[in-house]
1. Going by Cα centres, the range A:1-57 and the range B:219-246 are how many Å apart?
2. Given a 1.4 Å probe and the protein chains all in place, what does the accessible area of A:ILE91 round to, in Å² to the nearest 10?
3. Work through the residues other than B:LEU207 whose Cβ is under 15 Å from its Cβ and net out their charges, Lys, Arg +1 and Asp, Glu -1.
4. Counting Lys +1, Arg +1, Asp -1, Glu -1, what net charge surrounds B:ASP26 among other residues with beta carbon under 11 Å of its beta carbon?
5. How shielded is B:93-103 by partner chains, expressed as the average number of their Cβ atoms within 10 Å of its Cβ atoms?
6. Add +1 for every Lys or Arg and -1 for every Asp or Glu among the other residues with Cβ under 13 Å from the Cβ of B:TYR240, and state the total.
7. Rounded to the nearest Å, what's the spacing between the alpha carbon centres of the range B:310-387 and the range B:129-188? Just the number, please.
8. Rounded to the nearest 10 Å², what accessible area does B:ASP57 show when all protein chains are kept and the probe is 1.4 Å?
Amino acid sequence: MDDVTFDMVCFPSEDIVAREIEGELIIVPLVAGIGDTDDELYTLNETGKAIWSRLDGKRTLRAISEELATEFNAPLEEVGKDLSGLMNELIRRKMILVQSV
Amino acid sequence: MTYTKKLKPHEFVFPAGKGPRLSQIDIELTERCNNNCIHCLINRQENDEHAHSREMDTAFVKDLLKQAADLGCLAVRFTGGEPLLREDFAELYMFARRLGMHVILFTNGRLITPELARLFAKYPPGKPIEVSVYGMRPESYDAAAGKKGAHAEFWRGMELLREHKVWFVVKSSILPPNRDDMVDFEQWLTEIDGEDSQPRYAMNFDLRARRDDPGKNERIRRLRLSPEETMSVLKRSPIYVDSMREFCGKFMSPSGNKLFSCGAGHGTCVDAYGKAQMCMGLRDPETVVDLHEATLKAALEHSFPKLREIRATDPEYLARCARCFLKGLCEQCPAKSWMEHGTLDTPVEYLCGLAHAQALYLGLITENEKAWEVENWRERIDLFSRK
Ligand code: SF4
Ligand code: SF4
């Protein structure tokens, strides 16, 4: 799925609860149909966590990739690939919503 | 590359040495119940105003849930009495879910309404609802539950859960009025979606948990299955012996004079009045922490660790339980001892008999042998668990 564009502004859905426990980011589905079964929880890897904390409904994905590239001293292209990979997963699972394109 | 990882709650592995301070909290929302089961260890009448007026209010329970979430808690078990008797149940349920906790609900199912079933369908608890079943027919259920018309309400509740595809599991208690219902119960089990366990039965009932009703204790004693009857139920399960091999290898050994060799106090069960207990069973006032005066964190980090250090002093306990390798298989523990005797360290003869009957059947002891006198217990466990 390649519907993710860098003009998007995304924010966490109210149908999930994101919790940080002992340094782990845990996403708990609240509404039926987000997980494949009712008892699932999700964690994000380190890259995922860094991206998630910036999904504030204000910054575009482009702005987020630029910030991450600077902060982690990584090539913009690589950061962009990670970002769209994660966005695809989160949008498919209805864990984040897209505010504008 | 995947960025999200999907896990069942028990699959969580936190970075080494860490983990939530509290993984699950049990909260008894009320001791009142709309049933009046002949074997119940805790219930009060549903219209008991004295009990009602002392219960934690909505704000108190919400604060408790927040404290638990701050300690990393991933699940709350709402139990009772009948938790659905609380007018604020749906509010507390959603509050817990919005904190990101899964909810385990223990209920008799009689108060499930279409609204509640829709709520559970839209916002699933994340864990199966656990329904206690007291009979499969109106005559048997109503007699065991002590309420006329109870079975009809229970059954309507189950239909609502099924209609809304809410995940639930069931367990039953073997009581004189429903002894003939086991086959029907086990058949029904196979028809419930998501119910994949072996039949679960309570049959070795505890006495009143608050030591408040000697008359009822006498009646409960008469309802308990004998060791022989218990064995005949356990043997019905095709996985009983194999599951015991694993269990015995992992959990059986003498525990010396240390009273709490179990998990009591690593988590907590908060009673209906805001007292934190070390576990669901232990209500000795000397071992509970009033959460009107202390935080949950203080109970878990200061009070309970001190209580866990208590040593047994009863000579009978020291001569038997402290040296007994059936500890673990035997359910003798501080909570059971308190319910039976009002002390934390007195052997419970009924449980002793049950443990010996199981051990004999599993080949861990021979006829007339006393487990606390067995010297080569390690060998016997090894032999049995490796078979
Ligand atoms: S019921 Fe007994 S064994 Fe279980 S946790 Fe409580 S004190 Fe320990
Ligand atoms: S089997 Fe008897 S002696 Fe052994 S722990 Fe249980 S009550 Fe104590």
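1. The range A:1-57 and the range B:219-246 have Cα centres separated by 46 Å.
2. 40
3. Values: positive: B:ARG208, B:ARG210, B:ARG211, B:LYS216, B:ARG219, B:ARG221, B:ARG222, B:ARG224, B:ARG283, B:LYS336; negative: B:ASP206, B:ASP212, B:ASP213, B:GLU218, B:ASP284, B:GLU331, B:GLU340, B:GLU349.
Counting the neighbours of B:LEU207, the net charge comes to +2.
4. Values: positive: B:ARG77; negative: B:GLU28, B:ASP271.
Result for the neighbourhood of B:ASP26: -1.
5. On the way: counts 0, 1, 0, 0, 5, 4, 3, 11, 3, 4, 0.
Whole-number average of other-chain Cβ neighbours for B:93-103 is 3.
6. On the way: positive: B:ARG200, B:LYS235, B:ARG236, B:ARG245; negative: B:ASP242, B:GLU246.
Taking every Cβ under 13 Å from that of B:TYR240, the sum is +2.
7. Answer, in whole Å: 34.
8. 90
The values are calculated or read from the model by the stated rules, or taken from the named source; none is laboratory data. Since this is a predicted model, take the numbers as computed values, not measurements. Counting neighbours? That spans all protein chains shown, and the Cβs are built from the backbone with ideal geometry, glycine included. SASA here: full protein model, heavy atoms, side chains in, ligands and nucleic acids out. Shrake-Rupley method; radii C 1.70, N 1.55, O 1.52, S 1.80 Å.
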